[in-house]
Number of protein chains: 2
Amino acid sequence: MASRDRTLIIIGGGEDRSGDKVILGEVARRVGAGKLVVTTVAMPDPDGLFEQYERAFRALGVRHVFKLGVNERREATEEAKVRVLEDATGVFFTGGDQMKITSQIGDSLVFQRVHEIYRDGGVVAGTSAGASAMSETMLVEGGQQESFTVGGSTRMAPGLGLIGGVIIDQHFAERGRVGRLVGAVAQNPKNIGVGIDEQTAIVVEGGRSFYVLGSGAVYVIDGTGVGYSNVAEEEANKTLSVHDLHLHVLSQGDRFDLDSRRPARLPEREAKRLPEKQPE
Amino acid sequence: MASRDRTLIIIGGGEDRSGDKVILGEVARRVGAGKLVVTTVAMPDPDGLFEQYERAFRALGVRHVFKLGVNERREATEEAKVRVLEDATGVFFTGGDQMKITSQIGDSLVFQRVHEIYRDGGVVAGTSAGASAMSETMLVEGGQQESFTVGGSTRMAPGLGLIGGVIIDQHFAERGRVGRLVGAVAQNPKNIGVGIDEQTAIVVEGGRSFYVLGSGAVYVIDGTGVGYSNVAEEEANKTLSVHDLHLHVLSQGDRFDLDSRRPARLPEREAKRLPEKQPE
């Protein structure tokens with residue numbers, strides 16, 4: 001059954017919460033009659049944010065929507081908080097600050113439960129900061145609308161590790177983030193860079209391949225073939241040089257295999273099942 | 001003699017006109033004791049713009065700096081305007097609107113003289129709009145900080161044609177233009193996309209290879225290997241999909257051969273000759 005195949009829905013931010021709700025609709029479809037926990041751990045006291053998502057998910061037919069707020073790390077080990085996740089089949093991470101997510105729930109009982117829910121075939125979704133936090137190494141901050149400089153402002157940190165071998169960036173075209181994602185890939189090309197536009201998501205099925213959902217693009221930067229880069233050679237503040245990257249620009253109708261690092265078109269039958277209407 | 005090898009200096013905008021003047025210094029070096037004509041055709045009535053460049057170039061030792069203003073197309077055939085270019089060994093196009101450059105001087109006597117100056121071993125430089133106008137097909141306008149949509153806002157037009165086989169974009173990282181340049185390349189991969197950051201230039205020697213000068217990066221997008229793109233297939237407003245682009249991020253110390261489409265490091269001896277100090 002599709003809904004028991006573990007799924008990550010990694011969203012580039014700005015997803016529609018009141019109109020067509022194409023992306024949240026996919027989360028809802030996969031949660032189905034199950035229990036969805038929305039966690040606002042990425043943002044302290046996010047006034048009304050949970051309620052927005054609750055309204056959206058209820059309108060999409062999810063009957064069991066619960067809130068998990070974690071404002072301090074010690075809460076992430078409290079039995080009451082862990083209990084919120086009991087029997088959950090879906091977890092949704094809102095946006096905010098990805099470092100708040102990892103520093104407050106990393107290696108906690110709450111996180112262990114999230115991991116179990118995923119491992120047991122659940123769906124874990126995250127938008128914006130909640131998207132960045134999914135990977136083993138996450139981009140925390142870094143230059144926007146500027147090229148990467150060696151020793152510059154780009155920072156990475158250990159993420160939740162729900163997906164390996166990728167580095168996620170979000171609000172990608174909108175915030176001019178190609179420079180920093182290229183820089184992250186150049187530092188260790190074992191990671192594929194995945195830059196996700198707003199109103200756009202990748203749906204990762206079984207952990208090793210994804211398809212694109214939504215109105216924007218997904219940029220895949222593959223450093224396997226890189227023959228030269230100055231990322232380790234140059235003094236600080238030298239602008240990055242990196243030769244022979246592979247770049248795929250994907251949109252709805254495309255899929256990508258993370259093991260072979262190859263893009264492909266979805267079979268027409270599957271592509272037709274995706275929502276036609278594109279939000280503006 | 002190096003200064004008699006035809007040279008294009010294509011600048012991503014925002015070049016320093018009062019401090020180190022790394023990029024204008026290269027223009028000055030190549031003009032040497034010759035005559036430099038600065039043309040403000042890209043901008044109507046650019047108050048004080050010529051004077052800024054005149055001051056900068058004189059400070060850099062260029063003794064013969066002349067202004068060529070063209071506010072209406074008929075002026076581009078006037079003998080007095082053409083005469084400004086007599087004996088010039090360098091021409092500099094300021095920024096503004098690239099369509100003004102091509103619509104006002106394209107196929108005019110003024111342009112024929114610019115072409116002769118270049119063909120005879122002169123230097124033609126241009127910044128921002130003056131950079132975009134250099135190529136045979138130029139990007140005129142298009143989405144910034146958004147991904148390319150088929151039938152969207154990106155527009156191209158015939159440029160001055162001083163360099164073939166490339167499409168230039170400028171203010172590249174600063175204005176988040178990767179989407180539109182990828183879209184331009186996808187439309188016809190015979191053109192290599194060259195996106196130039198501010199305070200950064202490519203110096204094209206002999207028409208078929210360039211090296212990078214300045215503090216930012218140059219993004220080269222090569223569509224030779226593209227196996228799939230939806231640019232001709234999809235209805236309007238579908239987000240671009242294009243698989244298997246080649247991407248090189250170059251900075252000072254790199255060169256690129258336009259015929260083989262291969263990047264390389266400059267020989268150390270040549271790299272050391274470039275200005276050390278990087279503007280911020």
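The values are calculated or read from the model by the stated rules, or taken from the named source; none is laboratory data. These numbers come from a predicted model, not from an experiment. With ideal geometry, Cβ positions are generated from the backbone for all residues, glycine too; neighbour counts draw on all protein chains shown. SASA here: full protein model, heavy atoms, side chains in, ligands and nucleic acids out. Shrake-Rupley method; radii C 1.70, N 1.55, O 1.52, S 1.80 Å.
Observations, loosely collected:
- The tail of the calculated P(r) for the protein assembly as shown, taken as Cα-Cα distances beyond 47 Å, holds 21 percent of the pairs.
- What sits nearest the axis between copies A and B, counting only chain A Cβ atoms, is the residue and whole-Å distance A:Gly176, 2.
- Label-to-label distance, B:Gln52 versus A:Glu86, with points set 7 angstrom from Cα along the beta-carbon direction: 6.8 nm.
- Given charges at beta-carbon only (K, R positive; D, E negative), |dipole| of segment B:170-241 in Debye: 80 debye
- Residues with amide H under 5 Å from that of A:Arg155, placed H, sequence gap 5 or more: A:Val140, A:Glu141, A:Gly142
- Once the Cβ-Cβ distance of A:Lys67 and A:Asp107 is raised to the sixth power relative to R0 = 22 Å, the FRET efficiency obtained is 0.50.
- Amide H contacts of A:Gly96 (H built 1.01 Å from N, in plane; Pro and chain starts excluded): A:Ala129, A:Gly130 sit under 5 Å, all sequence-distant by 5 or more or on other chains.
- Nonpolar atom fraction for segment A:88-155, defined as the carbon and sulfur part of the 1.4 Å probe accessible area, stands at 42 percent.
- Basic side chains Lys and Arg get +1 at the Cβ, acidic Asp and Glu get -1 at the Cβ, and with that the dipole of chain A about its Cα centre reaches some 740 debye.
- Amide H contacts of B:Lys35 (H built 1.01 Å from N, in plane; Pro and chain starts excluded): B:Thr89, B:Gly90 sit under 5 Å, all sequence-distant by 5 or more or on other chains.
- Computed magnitude of the charge dipole of segment A:148-280 (debye, nearest 20; Cβ of K, R +1, Cβ of D, E -1): 220 debye
- Scalar couplings 3J(HN,Hα) for segment A:134-145, obtained by applying the Karplus form with A = 6.51, B = -1.76, C = 1.60 to θ = phi - 60°, are 5, 8, 5, 10, 10, 6, 9, 7, x, x, 10, 6 Hz; x denotes Gly and Pro.
- Reachable aspartates and glutamates from A:Lys81, criterion Cα separation under 13 angstrom, eight or more residues apart if same chain: A:Glu72
- Hull volume in cubic angstrom per residue (convex hull over the Cα atoms of chain B): 120 Å³
- Shortest-first nm distances, A:Arg17 label point to equivalent points in other copies (7 Å, Cα→Cβ): 4.6
- Projected onto their three principal axes, the Cα atoms of segment A:54-203 cover extents of 45, 33, 26 Å, largest first.
- For segment A:42-96, the spread of Cα positions along each principal axis, largest first, Å: 33, 26, 13
- For chain A, adding -39500 (n - 2.57) for each run of n ≥ 4 DSSP H residues and dividing by the number of residues yields -6500 deg cm²/dmol at 222 nm.
- Copy-to-copy label distances for A:Glu233, where each label lies 7 Å from Cα along Cα-to-Cβ, are 3.9 nm in order of increasing length.
- Dipole orientation for chain A: of the candidates A:Leu250, A:Ala33, A:Thr7, A:Ala33 has the Cα lying most toward the positive pole (charges on Cβ; Lys, Arg +1; Asp, Glu -1).
- Prolate/oblate/rounded label for segment B:1-142 (Cα gyration tensor, a/c 1.5): rounded
- Rg(Cα) / (2.2 N^0.38 Å) computed for segment B:81-161, rounded to two decimals: 1.23
- Take B:Arg269, push a point 7 Å out from Cα through the beta-carbon direction, and compare it with the same point in every other copy: 6.5 nm, smallest first.
- Accessible surface for segment B:93-190, divided over its residues, is 31 Å² per residue with a 1.4 Å probe.
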